[in-house]
Amino acid sequence: MPHAARFFLLLIVLTDFVVLGTTRLGTIIRAIAAQGILLGALSLVIAPEWTPHAVAIAIGAVAVKGVALPWLLAWAMREAAVRREVEPLVGYIASLLLGAAAVAIGFAVSRRLPLPGGGSPLLVPVALASLMIGMLVLTSRRKAVTQVAGYLILENGIYLFGLTQTATVSFLLELGVLLDVLVGVFVMGIVVFHIQREFDTLDATRFGEADD
Amino acid sequence: MRLLVLLALPLLAAGAAWFTKAERRHAALLPSVAAIHAALVVSCWVWPAFPAPGGWLALDAAGLLILTLSSATFLATAIYAVGYVRRETPRGGRVFASCLLAFLAAMTLVSISQHLALLWLGMEGAALSMAPLVYHRHDRRSLSAVWKYLLMSSVGIALALLGVYFLATAQSGSAGRPLLLSDLAAAGAALRVPWLRAAFLFLLAGFGTKMGLAPMHTWKPDTYGEAPPLVGGLMAGVLTAGAFLGIVRITQVMIAAGEGGFARPLLIAFGILSLIVAAAFIAGQRDLKRLLAYSSVEHMGLLALGLGLGGIGAYGSVLHVLNNGVAKTLLFLTAGNAILHSSSATSADNRGLLRRLPLSGALLFIGLLAIGGSPPFGVFFSELTIVGAAVNGGHAGIAAIVLAILAIIFIAVAAILLDVVFAPAPAAEPAGRRMRESAWLVTPPLALAVIALVLGVWIPHPVRALLARAAITLGGHAP
C-alpha cells in the first residue's frame, strides 16, 4: 500500500475525531466535507489504474460527499440559526475515549477478517472504526444536523470498505454513492428543512416523543 | 420477459402519476395497475416465468410467495384507496399515488431478484418510497415519526449494504458469478467462513431493522401510529415480508455453506426477544394502530423463530408470512374505517363500533381474532406449526415460553377487541349518527378476511406445494 493511501486513511480517522470532540456545528460540517474529499482522493490512490470508471467514482464521491451534502447541512444550519451542539447524551471526553476504543476494536476485529489477496492492512480497521464512530455520533447527539453528520461518517466507513471490492464487483461502490444521494440529499434534506420550518430548531430529541 | 414487465409496469405508472395533476386519474390508475400486476402474477403461477438474461431476475418458490402476497394485498389496498381519498384527501395526491406505485415496483424487485445487491436496491427503494407517505399529516408527531423511521431504516439499509460487501468478499476466489444466489449456494463450503459469518450478522441486523425485530423495533409504534392506515397495512404486511425475504436469502446461503449452526441460534434469540418485548408492550395498549405495531413485532419474532428452528418451522415461517400479511392488511384497513368515522385511533373513542359501522365492526372482530391466533384462521395454524417445530427439535423450553407469550398477547388483544367492538357507544354520541359504509372501503377487507379464513381451513394444493418447496430451500420440510 502506498504511503499516500496510509496518510489519507490517518487523516480520515482524524476528521472522525474532530467531529467527536467539537461542539461547533460549523467545524463538524467542515470535517465532513474534508472527509468526503479525502475519500475521493483515496479511491484514486488505491485504484490499480486510472480507468474512466475509477475516475468517475472518485469525482462522484467528492461531488456528493465532499461538496453537495456538506453544503446541504450548512444550509440547514444557517436556516435554523443553530451554531452549537447542546448537552450531548455522551460527553465530549467520553466520546473521544469511545472513539479511541472504536479504533482499537476495528484493529482487533480486522485481524480476524483477513482480506483475500492481502492488500491494504489499514483499510478494514479504519472502515470499521468509522462505522462505529458514526453510530456513536448518530445515537449520542441531539441536533438533527449532527445526527446526519454521524450517519455520513457511518456511510463513509462502508464506502471505505467498498473500495476493497472494486476488483470483483465493480458496481457495488455506485450503490454506496446512490445511498448517499437518495438518503442524504433527497429525504433527510427535506426532513431537516421541515423540522426547521415547524419548530425553528433542529433539536431532534425534544419534539413529540410519543408515549408508549 | 414477463418479469421485466412486472417490474416496469408499476415504475412507469409511478412516473405517469407524478406528471398527472387530475385527482380522478390517480384514483383510476392505482387499482387498474394493481389489477394488471396481479393478473401477471397469477399467470406466473400457471406458466412459470423465464429468468431474465444473466439470471439476475428469476422467480423461485420463496420469491413467488412474497410476490403474490405483495401483489394481492396491494390490489386490496389500491381498491380501498379509491374510497379512502374520497373521505380524506392525503396531502399531495400525486405524491401519494406515485409513492404507492413505486413501492409496488420496489417490492416486485425484491421478490424477483436473485442478485443480492439488486435485492438490497429493492429494499432501499421500498423503504424510501414509504417515507413521504408516513409524513402525511405534516404535524409535530408525524414529523417525529418520520424522522425516527428514516434514521432507523437508513442505518438498517447501510448495515445491510456492508453485509452485501462482506458477502462479496466471502465469495471472492471461488468460482461463480458474484452475489448470485444460485452461485453462492453452489460455492457452499468454498466461501470464506469469517467473512460469511460477518455478512450474516450485518444482513440480519440490517434487514432485521426493516422487519422490526426487537431491539431494532423502536421506530415501529410511532411510524404505524402516524401513517395513514392503508400505508400502515402495506408496511406491516408487505414491507416486512420483503425484509424477511432478505433474511431468508442469506439464511439459504448459510445453510448451503454448512453454517446453519451459526445462523440458527441467532435467529432464535432475536425471535424470542421480539416476542417478549411485544408481550410487554401490548398489554394495556389503548391506541389501535400502536397495538397493531407491537403485534407486528410479535409476528416478526415468530418468523425469525420458525426460520431458526428449521424442520417444519421453516414451513410454518413461510406460511406465517402469508397469514400475517393478509391479517395485518385486513386489520389496518378496517381500523382505517373506524378512524375515518371517529377521527381518533384510541380504543375509547372507537367504542361500540359494531353498532355504528356494522360491517367494519364485524371485520375488525374477525381481523383481531385472526391476528390474535385464534382458530380457524391461518395465523393459528402457522403459529402451531412453529411451536410444533420447537417441540420436534427438543426445545421444550422455547415451546413453553412461546405458548405463554402467545396466551398473554391473545388476552390483551381480546381485551381491546371486546372494548372496541362490543362496548356501547359513548353517551355523547348522537344515537342516529351512522356513516354509510362505502363498498370501496368494505369489499377489500372482506376479501382479505375470506383469504385469512381459507388459509386456515384448507390451503389450496398449489399454495401448499409452493410452501413446501420454499421450506426445502431453507433446510426444512412440510409437516
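Based on the alpha-carbon gyration tensor of the stretch A:11-153 and its eigenvalue square roots a ≥ b ≥ c, which shape applies: rounded if a/c is under 1.5, prolate if not and a/b is larger than b/c, or oblate?
Details: a/c = 3.00, a/b = 1.28, b/c = 2.35.
In terms of gyration-tensor shape, oblate.
Taken along the Cα-to-beta-carbon direction at a fixed 7 Å, the label points for B:R87 and A:A4 span 6.4 nm. Taking each residue as 0.36 nm, the span from B:V95 to B:A465 lengthens on full extension beyond its C-alpha to C-alpha distance by 129.3 nm. The calculated FRET efficiency for B:D139 paired with B:R355, based on their beta-carbon distance and R0 = 30 Å, is about 0.45. From least to most packed, judged by other beta carbons within 10 angstrom and beginning with the fewest, B:H477, B:H395 follow the order B:H477, B:H395.
Give me Rg/Rg_expected for the stretch B:53-197, where Rg uses Cα atoms only and Rg_expected = 2.2 N^0.38 Å with N residues. Present the calculation step by step, with values, prior to reporting the outcome.
Values: Rg = 18.6 Å, N = 145, 2.2 N^0.38 = 14.6 Å.
So the stretch B:53-197 has a normalised radius of gyration of 1.27.
For chain B, what does the helix formula give at 222 nm: sum of -39500 (n - 2.57) over DSSP H segments with n ≥ 4, over the residue count, nearest 500 deg cm²/dmol? Numbers along the way, then the final one.
Details: 20 runs with 360 residues, N = 479.
-25500 deg cm²/dmol, from helical runs alone.
Under the Kirkwood approximation for Rh and a Cα-based Rg, what ratio Rg/Rh is obtained for the stretch B:125-265? Intermediate results must be reported in sequence, preceding the final value.
Details: Rg = 16.9 Å, Rh = 15.9 Å.
For the stretch B:125-265, the value is 1.07.
When the Cα gyration tensor is reduced to axis lengths a ≥ b ≥ c, the ratio a/c is 1.5 or higher for the stretch B:86-167, and with a/b not above b/c it is classed as oblate. Pairs spanning more than 19 Å between alpha-carbon atoms, out of A:K143/B:K289; B:K148/B:K220; B:K21/B:K148: A:K143/B:K289; B:K21/B:K148.
In the stretch B:1-109, the C-alpha radius of gyration followed by the widest Cα-Cα span (Dmax) gives 14.3, 47 angstrom.
Plugging the Kirkwood radius over Cα pairs into Stokes-Einstein for the stretch A:1-56, at a temperature of 4 °C and a viscosity of 1.567 mPa s, what D comes out in µm²/s? Each step should come with its number before you reach the end.
Values: Rh = 12.2 Å.
Result for D is 107 µm²/s.
Taking chain B as the reference, fit the longest principal axis to its C-alpha atoms, fit the long axis of helix B:140-171 to the helix C-alpha atoms, and give the angle between the two in degrees, 0 to 90, nearest 10. Roughly 10 degrees, rounded to the nearest 10.
Could you grab the relative contact order for chain B? Cα pairs under 8 Å, six or more apart, rounded to a whole percent.
Dividing the mean separation by the residue count of chain B yields 16 percent.
Placing R0 at 60 angstrom, the Cβ-Cβ distance between A:W75 and A:R112 gives a FRET efficiency of 0.90 after rounding to 0.05. Just so you know, the averaged projected area of the alpha carbon convex hull for the stretch B:276-356 sits at 5.7 nm².
Give me B:W45, B:W120 sorted ascending by neighbouring Cβ count inside 10 Å, so fewest comes first.
Values: B:W45 14, B:W120 25.
Taking fewest neighbouring Cβ atoms as first place, the list is B:W45, B:W120.
Counting only Cα atoms, the stretch B:346-420 measures 49, 20, 13 Å along its principal axes, largest extent leading.
At 4 °C and a viscosity of 1.567 mPa s, what translational diffusion coefficient does Stokes-Einstein give for the stretch B:232-385, taking Rh as the Kirkwood radius over Cα pairs? Give it in µm²/s as a whole number. Could the numbers behind the result be given before it?
On the way: Rh = 16.2 Å.
Calculated translational D: 80 µm²/s.
Take the Cα of A:L89, step 7 Å toward its Cβ, do the same at B:S374, and the gap between the two points is 3.9 nm. Quick one: Debye curve from the alpha-carbon atoms of chain B only, equal weights, vacuum; give me log10 I(q)/I(0) at q = 0.06, 0.07, 0.12 Å⁻¹ to two decimals. Computed log10 I(q)/I(0) values: -0.24, -0.32, -0.99.
For the stretch A:62-117, the square roots a ≥ b ≥ c of the C-alpha gyration tensor eigenvalues yield an a/c of 1.5 or more together with a/b not exceeding b/c, which makes the shape oblate.
From the gyration tensor of the Cα coordinates in the protein assembly as shown, what semi-axes in whole Å does the equivalent ellipsoid have, largest first, with each one equal to sqrt(5λ)? Present the calculation step by step, with values, prior to reporting the outcome.
Working: eigenvalues 317, 179, 114 Å².
Three semi-axes, in Å: 40, 30, 24.
Model label sites at B:T20 and B:L418, defined 7 Å from Cα along the beta-carbon direction, differ in position by 4.8 nm.
Where a number appears in this text, it was derived from the coordinates with a stated rule and is not lab data. Quick caveat: nothing in here was measured; it's all calculated off a predicted structure. Positions of Cβ are generated from backbone atoms using ideal geometry, with glycine treated the same way; all protein chains shown enter the neighbour counts.
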